[in-house]
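Heads up: the structure comes next, in structure tokens.
The values are calculated or read from the model by the stated rules, or taken from the named source; none is laboratory data. The shown structure was predicted, so the numbers you read here are calculated from the model rather than taken from an experiment. Every residue, glycine as well, gets a Cβ built from its backbone with ideal geometry; the counts of neighbours run over all protein chains shown.
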Amino acid sequence: KTTAVLLDSRVEAFLQGGPKKLFIGGEFVESLSGRTFETVNPATGEAIITVYEADKEDVDRAVEAADRAYRDAWSKVTPSERGKMLWKLADLIEEHAEALAQLETLDNGKPIQETRHADIPLAIDHFRYYAGWATKIHGEVIDNSAGTSLFTYTRREPVGIVGQIIPWNFPLLMATWKLGAALATGNVVILKSAEQTPLSAIYLAELIQEAGFPEGVVNIITGYGPTAGAAIVQHSRIRKVAFTGSTEVGKTIMQQASGNLKRVSLELGGKSPNIIFPDADFSKAIPGALMGIFFNQGQVCCAGSRLFVHKKVFDNVLSDMTSYAAQLKQGPGLDESTQIGPLVSNEQFTRVSDYLQKGMEEGANPLTGGKPVEGNGYFIPPTIFAGVEDYMSIAREEIFGPVVAAMPFDDEEQIADIIRRANDSEYGLAAGVWTTDVRKAHKVAHALEAGTVWVNCYNALDAAVPFGGYKQSGFGREMGSYALELYTQVKSIWVNLD
Ligand code: ADP
């Protein structure tokens, strides 16, 4: 009996016809160079469809469209109407949920169960959350001039034209995280999707058009980082750039954006510690640690890739994790029963394969997995390394694959030592703590150098809760009220009442 997903007719229709176009000024257009590139199905390694490749001149064109939209249309739309459009967009995503889930899975490889139950619902919630904020952006009256004739107040104004560059691991959701706050606060946007996964953003562009946003308010382009991406980062009329991706590229972006002192927010890599104390509820901690690393094939910036387990329980926890990981059903994302899909690309497959090799060379021992799957598609089995030391590259570097470095710790009553090891990283995106001792949970959560700490849970996300990094995991907070700061600037107004 086949468990392959039957393709939605909307996906079939989307994949008909010629190369997919850029969305600029409310129209679907070819790139000026006419160049295209292929997007690949990672489960097979075969091309899905070609997509137009944007370059600098297309970014220029998008900036013109955005500028016109900002001056002529968007600034005349009331906050309430902006909110309504965002809400409408959420409704449209909901209506097209199955098509979007399938397209995302086809392009990225992730299991359809995950796209249906995580990516898409989170995207819908996100737009609804920011729809509410559109009418709640306000400044304040500062009453410090009593006895004088001066009256002062502040306004929170949009930044103007913002550039957004997103990665391939949650293509639709990352577009959503970027667009929600920027649009709620009245900005116009040029968003570049990742070259590995352009399709859901193009589909989203169609829904944006249908939701009634004025033409040019949102421009979505597909293309490569060093060309189209760099053109966004360097463009002098784009006043802010928001980036999610690798720490390495984040550094390049910050340097390039400094040329015109563009505002920058960066959500970068991680090597997040997940700490299991001996008093944990193992019925939660074990599945939590597994999901913490194997969700989305480990291609998650906040993946719990350094697993610290107290030595008293290390063998039991690892033995349970290993037997469960070995049973995870790996296959094409578009199979209903798949629990773990392929990695996104051949490049990522090679990168993670190299880390498996390196882990072994450094003396670590895979309890399960450890070797890439032979054949078509970019499959790496869930891998748990034991025998890992803190200094090894698999314990220090971001692998961005289904590979966890498990290490015992011994702390008795002191937590200082495990805190020191957990914090001994240039990254600081997230961390997990598993314990039933409420005092210890909070103490550890406070001491960890990370933008998010999950206690007795992992990978929990909500549009209302800020997310972002410490240290070289970046700066700026997306989601919640905090993201509004990324996309507004404060103006102080003095009025002489005399
Ligand atoms: P990964 O290494 O996980 O593929 P990257 O950080 O390379 O992630 O890519 C994330 C996003 O950044 C993609 O949209 C990519 O095209 C873009 N990008 C890559 N290099 C640059 C660059 N030099 N300037 C601007 N954007 C870039």
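From the list L207, L173, the lone residue that is surrounded by fewer than 24 Cβ atoms within 10 Å (Cβ to Cβ), more than 13 Å from the chain's Cα centre (by Cα) and assigned to a helix (DSSP H, G or I) is L207.
Scanning the stretch 43-100 for residues that are among the polar types (S, T, N, Q) and either surrounded by 18 or more Cβ atoms within 10 Å (Cβ to Cβ) or under 27 Å from T115 (Cα atoms) (or both) gives T44, T50. Look at (1) surrounded by fewer than 18 Cβ atoms within 10 Å (Cβ to Cβ); (2) of a type in the set (A, V, I, L, M, F, W, C); (3) in contact with a Ser or Thr (Cβ under 9 Å, 6 or more places away or on another chain) and you find that L261 fails only one, number (3). Evaluating A62 against the criteria (1) of a type outside the set (V, I, T); (2) more than 22 Å from the chain's Cα centre (by Cα); (3) part of a loop (DSSP other than H, G, I, E, B) leaves one unmet condition, (3).
L290: under 30 Å from A325 (Cβ atoms), within 22 Å of the chain's Cα centre (by Cα) and away from the ligand (no atom under 16 Å from the Cβ), yes or no? Yes; evaluated as a whole, the condition is true for this residue. Among the residues of the stretch 26-42, the ones that are in contact with a helix residue (DSSP H, G or I) (Cβ under 6 Å, 6 or more places away or on another chain) and either modelled with pLDDT under 95 or surrounded by fewer than 17 Cβ atoms within 10 Å (Cβ to Cβ) (or both) come to 1 in all.
Taking the stated definitions as given, is R156 surrounded by 16 or more Cβ atoms within 10 Å (Cβ to Cβ), under 20 Å from L183 (Cα atoms), at pLDDT 95 or above and touching a strand residue (DSSP E or B) at 6+ places or on another chain (Cβ under 6 Å)? Yes, satisfied.
The condition of being more than 25 Å from S345 (Cβ to Cβ) and either touching a residue at least 60 places away in the same chain (Cβ under 8 Å) or in a strand (DSSP E or B) (or both) holds for only one of L89, L106, that being L89. Is it fair to say A242 is in contact (Cβ under 8 Å) with a residue 60 or more places away in the chain, buried (at least 24 other Cβ atoms within 10 Å of the Cβ), away from the ligand (no atom under 16 Å from the Cβ) and under 22 Å from Y482 (Cα atoms)? When the stated conditions are applied, A242 does not pass them. Restricting attention to the stretch 251-283, the residues that are in a helix (DSSP H, G or I) and touching a strand residue (DSSP E or B) at 6+ places or on another chain (Cβ under 7 Å) total 3. Those residues that are within 16 Å of the ligand (Cβ to nearest atom) and either closer than 19 Å to P158 by Cβ or in a helix (DSSP H, G or I) (or both), I need them from the stretch 180-204; list them, please. Selection gives V189, I190, L191, L199, S200, A201, I202, L204.
Would you call G269 under 20 Å from A175 (Cβ atoms), in contact (Cβ under 8 Å) with a residue 12 or more places away in the chain and in contact with a Leu (Cβ under 8 Å, 6 or more places away or on another chain)? Yes; evaluated as a whole, the condition is true for this residue.
If you check Q113 against the conditions, is it assigned to a helix (DSSP H, G or I), touching a residue at least 40 places away in the same chain (Cβ under 8 Å), surrounded by 19 or more Cβ atoms within 10 Å (Cβ to Cβ) and not aliphatic (A, V, I, L, M)? Here the answer is no, as Q113 does not meet what is asked.
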